[in-house]
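Would you mind keeping the following structure in view while I ask a few things?
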Amino acid sequence: MKLIPEGQRNHALFKLACSLRARGYDRETLGKALKEANANRCSPSLDAVEVEKIVDSAVRRYPPGNTGPDAATLKTL
């Protein structure tokens, strides 16, 4: 698992959020996934308010898609 360093965290989490949204994740599931990615991959982690802003931005901008999650793709983000 690749760590996301300071200076790249917002962009990487937004990219992940958009990818998950395209795969049909609803707001709640998307929020849980981003919180987990933030806790496990961001160094240091973003604060909870910032993660919620990223989730809100992805949900506002993009409707949910209808494809299933692709674990191989998610690991590269």
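Here, each number is a calculation from the coordinates, and none is a lab measurement. This structure is a prediction, so every number in the text was calculated from the model and none was measured. Don't worry about glycine lacking a Cβ; one is built from the backbone with ideal geometry, like all the others, and counts go over all protein chains shown.
What are the semi-axes of the equivalent ellipsoid for the chain, taken as the square roots of 5 times the Cα gyration tensor eigenvalues, largest first, in whole Å? Mind dumping the intermediate values first?
Working: eigenvalues 72, 41, 18 Å².
One finds semi-axes of 19, 14, 9 Å for the chain.
Given contacts defined as C-alpha pairs under 8 Å and at least six residues apart, what's the relative contact order of the chain, whole-number percent?
46 percent
Under a crude label model (7 Å from the Cα following the beta-carbon direction), how far is Gln8 from Ser57 in nanometres?
It is 1.7 nm.
Now a separate question. Long-range amide H contacts for Ile4: which residues qualify at under 5 Å (H placed 1.01 Å from N, peptide plane, sequence gap of 5 or more or a different chain)?
So Ile4 has HN proximity to Cys42, Ser43.
Further question on the same structure: Once amide H atoms are built 1.01 Å from N in the peptide plane, which residues 5 or more positions from Tyr25, or in another chain, come under 5 Å H to H?
Here Gly65 satisfy the definition.
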